[in-house]
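J.: Quick one: structure below, then a few questions.
Coordinate-derived values only; no laboratory data. This structure is a prediction, so every number in the text was calculated from the model and none was measured. Cβ atoms come from the backbone with ideal geometry, glycine included; neighbour counts cover every protein chain shown.
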Amino acid sequence: MAGEPSKPRSHGMFQPRASAQPRPLMPDQAPAGAFRVKVLTILPEMFPGALAASLTGRALTQRIWSLEVLDIREFAGNKHRTVDDTPAGGGPGMVMCAHVVAAAIDHAQADAPSDRARWPVIYLSPRGRPLTQARVRELAAGAGLTLLCGRFEGVDQRVLEAREVEEVSIGDFVLTGGEIPAMALIDAVVRLRPGVLGNAESTEEESFSRGLLEHPHYTRPPLWEGRAIPEILLSGHHAKIAEWRLSQAEGLTKQRRPDLWRAHTSGTEGAADGDRELSDAPTSAAKGGQTKDRER
Ligand code: 4HQ
């Protein structure tokens, strides 16, 4: 992997030019008030990728958020653009070098707000704290974030410590790199920014926003392959429907996610499990940050 092909790469409308200075791949995309996302990766062609579609894509075009993709290889400081080296202590694979990653982080953070708590640097890794809706909400209440995407065996531990990088996992499985996890995190955060969701996609009624799994959904036809839509949903009794949906959400959560159920019922939320926040009850940092989703 040290010698990734250096063929021309597509970055959408932006035409890369030869230059010694590291620069964003999508410059001038951050008007005041936009949520600024910076991605550090050796595979910049993966972005915006899926984020250019649908709601996040429209919000990107509308400049509700901006995406600045930095190619970590630009910070290698050698003509072969080498970013990795063999692991200390031996073993398979390669490790991304501390000095290269640090240079990329420092460049990304150079124009961040002085209050670093509002512009976190996050490294996507299965070793990280599991991502929760609570953390997503906190991040969405901030001004932006910098995401470090690792490849190979990961990055040198010292750069994570020296730059106070937060490690976040999107789940207990192993991918080939942090780019897809970064996209998942960006999608989750951006959809909470004002103006991204319309009425139709509002988070107001999401069961998950109350720490429960979603109730089942149905649409026409009323009978499909011999299966009927639950009668109550066709009754027009809105209060009864809301009651039914809540009980479905509760039953499903009890059955499939006893961990979420404990957190929901204990009222102590994250305290139910010491190392993981189980509900999305906003913490102090996010309080007041997100209110209602704006209407279209
Ligand atoms: N990887 N949640 C290994 C992940 C991952 C995950 C990212 C693969 C980091 C070095 N990231 N690289 N699961 O599997 O966030």
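J.: What is the set of long-range amide H partners of Ser169 at a cut-off below 5 Å, with H atoms built 1.01 Å from backbone N?
T.: For Ser169, the qualifying residues are Ser125, Gly128, Arg129, Leu131.
J.: In addition: In what sequence do Thr265, Thr176, Thr41 fall when counting other Cβ within 10 Å, fewest first?
T.: Ranked by crowding around the Cβ, least crowded first: Thr176, Thr265, Thr41.
J.: Neighbouring Cβ atoms within 10 Å as the yardstick, rank Arg81, Arg58 fewest first.
T.: Ordered from fewest to most neighbouring Cβ atoms within 10 Å, Arg81, Arg58 come out as Arg58, Arg81.
J.: Starting with the fewest neighbours, write out Lys254, Lys38, Lys240, Lys79 ranked by other beta-carbon atoms found within 10 Å of each beta-carbon.
T.: Ascending Cβ contact count within 10 Å gives the list Lys79, Lys240, Lys254, Lys38.
J.: What is the pair-distance distribution P(r) of the range 61-196, computed from all Cα-Cα distances in 5 Å bins starting at 0, with each bin given as a whole percent?
T.: Percent of pairs per bin, in order: 2, 10, 19, 22, 21, 14, 7, 4, 1, 0, 0.
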